[in-house]
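Laboratory data are not the source of any read-out in this text; all were calculated from the coordinates shown. This one's a predicted model, so the numbers in the text were calculated from it and none came from an experiment. No Cβ is skipped: glycine too gets one built from the backbone with ideal geometry, and neighbour counts run over all protein chains shown.
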Ligand code: HXC
């Protein structure tokens, strides 16, 4: 590690449960948490998507437990939470990163296509929060929901994800109010366009990258590291009084009101 702006031990003694923690943005968050002292449990539908990240974390001297679960399936989520508690004795931090995405015009999208993304992103986020509640109450823990900025204005070809992430933001606000009294903080991060992620590969042809870069006020795409840093800040004691916020980390991109395409 060595190149982090944060002290190595800011998450020392914490246990973090990260969905979608094998790859992409949430994979980076999982690795960054481990590098700052947390013990990790990572989940994904397919355990083979988790093995490389588990290996990376362990090779860096961290602890990582990989457990497969489809966040749409509440009993599978309950089992994954129970297995994590059996492994580590508690859960302090939950990160909801599992998400579905593809480009599709609203008049071409099937009801099942719309529902599938809402089920993964919105219902999946609720399922994990709900299943982890008793543990988070005991640990006075916290939740971090990975959202997006797509629904702040309107993003063509993304009605399903926009609706799903609007729901995620509602969950963040509602739970921050309902569970704040239990000592549980609930926040979110809304990443803008982040390079080297599955989401960007699906949404943005490489040929358009230069054109899009000009539409980002700070003049560059986001990096997974940018989201890692926001996640470390929000889950650290530095953010003890921050609750119910979805922090936009997009270089100011959404404020220009330009669709990515
Ligand atoms: C239209 C599609 C489609 C596509 C799937 N569907 N892909 N419709 N265009 N490209 C429809 C199917 O036809 C089907 O409806 C329904 O969705 C379910 O599809 P399945 O393949 O059976 O579902 P499942 O195997 O559960 O997979 C769901 C998935 C998932 C959503 C397609 O595989 C997926 O998205 N994986 C990508 C993960 C990913 O990239 N995550 C990062 C997200 S990035 P019918 O009617 O035919 O039954 C992100 C950031 C956004 O969220 C912000 C960026 C700035």
Springs between alpha-carbon atoms under 10 Å, Gaussian network over the chain: tell me which of 90, 201, 137 tops the mean-square fluctuations. 201
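Working from the pairwise distances between different alpha carbons, so that the mean of 1/r is found and then inverted, what is the range 10-61's Kirkwood radius in Å? Don't skip to the answer; put the middle values down first.
Numbers: mean 1/r = 0.0948 Å⁻¹.
Answer for the range 10-61: a Kirkwood hydrodynamic radius of 10.5 Å.
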Chain lengthening between residue 208 and residue 138 when straightened (0.36 nm per residue, less Cα-Cα): 20.4 nm
What does the extension gain come out to for residue 242 and residue 223, with contour length at 0.36 nm per residue minus their alpha carbon separation? 4.5 nm
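If you build the Cα gyration tensor of the chain and take the root of 5 times each eigenvalue, what three semi-axes come out, in whole angstrom, biggest first?
Values: eigenvalues 151, 85, 65 Å².
Listed largest to smallest, the semi-axes of the chain are 27, 21, 18 Å.
Let me make sure I get this right: for the range 26-180, a, b and c are the square roots of the gyration tensor eigenvalues over alpha carbons, sorted descending. Under 1.5 in a/c it's rounded, otherwise prolate if a/b > b/c, else oblate. Which is it? Mind showing how you got there, number by number?
Numbers: a/c = 1.94, a/b = 1.54, b/c = 1.26.
It comes out prolate by the Cα gyration axes.
Note down, for the range 61-136, the three equivalent ellipsoid semi-axes (square root of 5 times each alpha carbon gyration tensor eigenvalue), biggest first, whole angstrom. Before the final figure, lay out each step's value.
Values: eigenvalues 171, 32, 19 Å².
Gyration-tensor ellipsoid for the range 61-136: 29, 13, 10 Å.
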Quick check: Cα centre of the range 195-229 to Cα centre of the range 54-74, how many Å? 26
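Please compute the contact order of the range 18-78 in relative form: average sequence separation of alpha-carbon pairs under 8 Å and at least six residues apart, divided by the residue count, as a percent.
Values: 103 pairs, mean separation 20.0, N = 61.
Dividing the mean separation by the residue count of the range 18-78 yields 33 percent.
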Listed peptides 219-229, 126-136, 236-246, 189-199 by packing density, highest first (mean Cβ within 10 Å): 126-136, 189-199, 219-229, 236-246
Zone reached by a paramagnetic label modelled 7 Å from residue 153 Cα along Cα→Cβ, restricted to the range 191-233 with backbone N below 13 Å, covers 215-217
Reciprocal mean inverse distance between Cα atoms of the range 163-261 - Kirkwood radius, Å: 14.9
Relative contact order for the range 1-117: what is it in percent, counting Cα pairs under 8 Å that are at least 6 residues apart? 27
Sort 5, 57 so that the residue with the fewest other Cβ atoms within 10 Å of its own Cβ comes first and the one with the most comes last. 5, 57
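Once every DSSP H run of n ≥ 4 in the chain is given -39500 (n - 2.57) and the sum is divided by its residues, what mean residue ellipticity at 222 nm do you get, rounded to the nearest 500 deg cm²/dmol?
Numbers: 9 runs with 105 residues, N = 261.
That calculation yields -12500 deg cm²/dmol at 222 nm.
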Quick calc, residue 173 & residue 102: beta-carbon distance into FRET formula, R0 30 Å, rounding 0.05, result 0.65
